[in-house]
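Every number in this text was worked out from the coordinates using simple rules, so none of it is lab data. Predicted model, so just to flag it, every value in this text is computed and none were measured. Cβ coordinates were reconstructed from backbone atoms using ideal geometry, including for glycine residues, and neighbour counts include every protein chain displayed.
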Amino acid sequence: MDWNLFFFVVFPYISLTLFVVVTTYRLIYRPFTQSSLSSQLLERRQLYWGSIPFHHGVVWILLLHLLALVFPKALLLWNAVPLRLYLLEISGFALGLWALVGVVVLLWRRITVPYIQAVTTRMDIVVLILTLVSMITGVLTASLYRFGSTWFTGVFTPYLWSVFLFQPRPELVISLPWIIQLHLINNFALLAIFPFSRLVHILSWPLDYLIRPWQLVVGVRDRKATK
Amino acid sequence: MDVRTHMSMVFHLDKCIGCHTCSVACKNIWTDRKGAEYMWWNNVETRPGTGYPTQWENQEHFRGGWEMKKGKLNLKLHTRLEGLFKLFYNPSLPGLRDYYEPFTFDYKNLFNSPKKDVQPIAEPISMITGDPIDIETGPNWDDDLGGSNIYAKNDPNLEGLPQEVREQMNELERLVFNYLPRICNHCLNPACVAACPSGAIYKRDEDGVVLVNENDCRAWRMCVAACPYKKVYYNWNTGKSEKCILCFPRMETGQAPACAHSCVGRIRYMGVLLYDADQIPHAANVPDDELIAAHREMILDPFDPKVIAAAKENGIGDDWIESAQNSPAYKFVKEWEIALPLHPEFRTMVMMYYIPPLSPVVSVTERSLFRLDLMQEDYDFELFDRLDAARLPIKYLANLFSAGDEGTIRTVLRKLLAVRIYMRRKTVHGKVDSISRKTLAEAGLTEEQAIDMYKMTTLPKMEERFVFPNYHREMSIEAMLDPLTHKGEVGLGYIQQPKRGE
Ligand code: SF4
């Protein structure tokens, strides 16, 4: 079997299919199961040092990845000035490190605190380990293979789009160093388990909180309609 | 005028015997589950005391309720943007220790223990981890002033009381306490609803019950922190917030909520209140000393033809209006003005009300004998003119029920006392004299009202205490579906529509 074909064509499609189909099913038919499953009530000190760095780091990193995927030109334009390139690289690296620290604390807390063990499933551990691998390979990539924010647009942007558009071009990633490949495969693995884990909470962006009225009133029938 | 309807409960604190039947009834029905063991949607706390969760009234710590800043009302917890930044860690969230760690006992050991020289014991174990624990606290750890030098002393409502009065409240001959049963207040300006980033909490239009939509809840836990009464709880097992639902399935079938129904002291009354939704923004945003007046103003008179017309205009049925006219809540809150909101200064506009308790006369120690601090002349009810001689300091009650305004409390207590004096003359002495008439008039009551109050307080039948309108649930399905279609679909127990596959 051609492993390259498996890891860079077959596996991405399996995980993307799972991600789209099962997630949609779960959000529509099993909304009760979508929750961030906070455990702050049971343990808060370690959570503070884990959750805040991890989430604030990972949210920005994901957004940067998304930016490189959707607006590669804009990113390249930004990077055209060396100072701005350094700024982006350094802050990206720092955010990655920060998130890495967070995930280590979270994993440690999951494994060692009895109160947290009581609410831990096997899937939680899988999620944390995959996230940890993702963070480590990401941070290593950023430090070993300089200026990822620039070469990403030449390698991953076309590769990912080729996958999304059903014309996969695995040749773009076959010759990459193994750390970067691991980063890629690992993230597809995360995508595959996404709908089966607590990760679904990522999809609840409560942004309309910024504009909705403070109070919500729901009636059996519309009052005004009965007039 | 935007007339709306609300189901409200009144707690007559003088009648509460602190038996916790209400709490247990509620627990048995709703919270006897994994993840909910520590929740008491209904709890009864001893006052003075620190309550459950410990120190819940201390909003500098828990940041619940609303805050008036430069004439504008805002959540004390966060601005909207801050709220989103605190999703990942919510600093104001109470920890499990602020409630207590739920426990049970290892009863198996009593049967399975190997033969020993000593009796086997059932060790306490945590209901979360299953490990043996040392029980350090529990709900009502300070029941009936137990451990009062730790708990009662730290009651946040003692604030503003002179030091010597505080000291006296700890002396044996002045000791006093009352009970405070608490459920969710189903507020008109709920902080939990306003704090939820997901918009998962809402207020039901028809009766005002505040509910969490468990399907929309994403466990951001802002509601738990924002509720100044700490009556939203986080279920650590399901990862969803939960709260008192005012037993709406019972109310919809004409039964009182479990806590009220089971109440041994019969202290609870329930009925419809009509209120003017247009006045909420104003009433929640007046200076502290005007809060009660503005709140009462917002409650509408169900006999007023203008109110009735506006209610009908809003689609409120005749049966609900009639129910509002018979409502005991209306009588206590608006007609007699003796039921008060708990902590109106939190500005959530609570819709559950309390009649503050009376307390005995203070006693003094003379030559190591107790003597009641009575007046010289023969006056059969000592306290009426000397409320300051009551053991529960007026200021303390004011901190609980009137945002610190002692005048409101005095008026209420004098009404309660005047009715007692009047009824005592009438039933014990056999005739009403001028003194009792005078006290009634001074308290601002007519004889008729006094008799009504007496009857409603002492002798009410079940159907006088609980007046429920018809909810017409049979009609609610119209909101979703043609009733005839619905009729053909019920009875099979499907979560999804039994639709034929392709
Ligand atoms: S059941 Fe009634 S009397 Fe007993 S504690 Fe509860 S409110 Fe008080």
note = Across segment B:58-75, the tally of residues that are crowded, with 22+ Cβ neighbours inside 10 Å and charged (D, E, K, R) stands at 0
task = Kindly state which helices (runs of 4 or more DSSP H) lie completely within segment B:255-318 and contain at least 1 residues that are over 21 Å from B:Glu345 (Cα atoms), within 16 Å of the ligand (Cβ to nearest atom) and aliphatic (A, V, I, L, M).
result = B:258-262
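Could you tell me whether A:Arg109 is without any contact (Cβ under 8 Å) to a residue 12 or more places away in the chain, of a type in the set (D, E, K, R) and assigned to a helix (DSSP H, G or I)?
no
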query = So which residues in segment B:207-221 are outside any loop (DSSP other than H, G, I, E, B) and facing chain A (nearest Cβ under 9 Å), if there are any at all?
reply = B:Leu211
remark   = B:Val165 meets each of (1) surrounded by 13 or more Cβ atoms within 10 Å (Cβ to Cβ); (2) not in a helix (DSSP H, G or I) with one exception, condition (2)
query = Hey, any hits in segment A:124-138 for a residue that's surrounded by 13 or more Cβ atoms within 10 Å (Cβ to Cβ), of a type outside the set (Lys, Arg) and free of Cβ contacts under 8 Å to residues at least 12 places away in the same chain?
reply = no
request  = Restricting attention to segment B:191-200, report how many residues are in contact with a strand residue (DSSP E or B) (Cβ under 9 Å, 6 or more places away or on another chain) and at the interface with chain A (Cβ under 7 Å from one of its Cβ atoms).
outcome  = 2
ask   = Mind checking whether some residue in segment B:17-37 is more than 14 Å from every other protein chain (Cβ to nearest Cβ) and more than 16 Å from the ligand (Cβ to nearest atom)?
value = yes
query = Just one of the numbered conditions (1) part of a loop (DSSP other than H, G, I, E, B); (2) in contact (Cβ under 8 Å) with a residue 60 or more places away in the chain; (3) not polar (S, T, N, Q) is not true of B:Gly147; which one?
reply = (2)
request  = Report, by residue number, each residue of segment A:173-188 that is assigned to a helix (DSSP H, G or I) and more than 22 Å from the chain's Cα centre (by Cα).
outcome  = A:Ile174
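Does segment B:111-132 include one or more residues that are within 16 Å of the ligand (Cβ to nearest atom), under 27 Å from B:Thr238 (Cα atoms) and in contact with a strand residue (DSSP E or B) (Cβ under 6 Å, 6 or more places away or on another chain)?
no
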query = Across segment A:155-172, what is the number of residues that are over 17 Å from the mean Cα position of the chain (by Cα), among the polar types (S, T, N, Q) and either within 26 Å of A:Leu95 (Cα to Cα) or in a helix (DSSP H, G or I) (or both)?
reply = 1
ask   = Scanning for something loosely packed, with under 15 Cβ neighbours inside 10 Å, within 14 Å of another protein chain (Cβ to nearest Cβ), among the aliphatic types (A, V, I, L, M) and in a helix (DSSP H, G or I), does segment A:143-154 turn up at least one residue?
value = no
query = Out of all the residues in segment B:158-179, is one or more of a type in the set (A, V, I, L, M, F, W, C) and in contact with a Ser or Thr (Cβ under 7 Å, 6 or more places away or on another chain)?
reply = yes
query = Mind checking which pairs have a first residue in segment B:260-271 that is touching a residue at least 12 places away in the same chain (Cβ under 8 Å) and a second that is hydroxyl-bearing (Ser, Thr, Tyr) and more than 6 Å from the ligand (Cβ to nearest atom), Cβ under 6 Å, 6 or more apart or different chains?
reply = B:Gly271/B:Ser327
query = Got a number for residues in segment B:178-230 being within 18 Å of B:Pro341 (Cβ to Cβ), more than 16 Å from the ligand (Cβ to nearest atom) and among the basic types (Lys, Arg)?
reply = 2
query = Regarding B:Glu45, is this residue farther than 21 Å from B:Thr104 by Cβ, of a type in the set (Asp, Glu) and away from the ligand (no atom under 16 Å from the Cβ)?
reply = no
request  = Test B:Thr54 against the stated conditions and say whether it is more than 13 Å from the ligand (Cβ to nearest atom), of a type in the set (Ser, Thr, Tyr) and surrounded by fewer than 23 Cβ atoms within 10 Å (Cβ to Cβ).
outcome  = yes
message = Can you confirm whether B:Leu175 is within 16 Å of the ligand (Cβ to nearest atom), away from every other protein chain (no Cβ under 14 Å) and either in contact (Cβ under 8 Å) with a residue 12 or more places away in the chain or basic (Lys, Arg) (or both)?
response = no
query = Checking B:Arg473 against (1) charged (D, E, K, R); (2) more than 20 Å from B:Ile355 (Cα to Cα); (3) out of contact with any Ser or Thr (no Cβ under 6 Å at 6 or more places or on another chain); (4) more than 14 Å from chain A (Cβ to nearest Cβ), which test does it fail?
reply = (4)
query = Got at least one residue in segment A:19-37 being touching a residue at least 12 places away in the same chain (Cβ under 8 Å), within 10 Å of chain B (Cβ to nearest Cβ), under 24 Å from B:Leu84 (Cβ atoms) and surrounded by fewer than 18 Cβ atoms within 10 Å (Cβ to Cβ)?
reply = yes
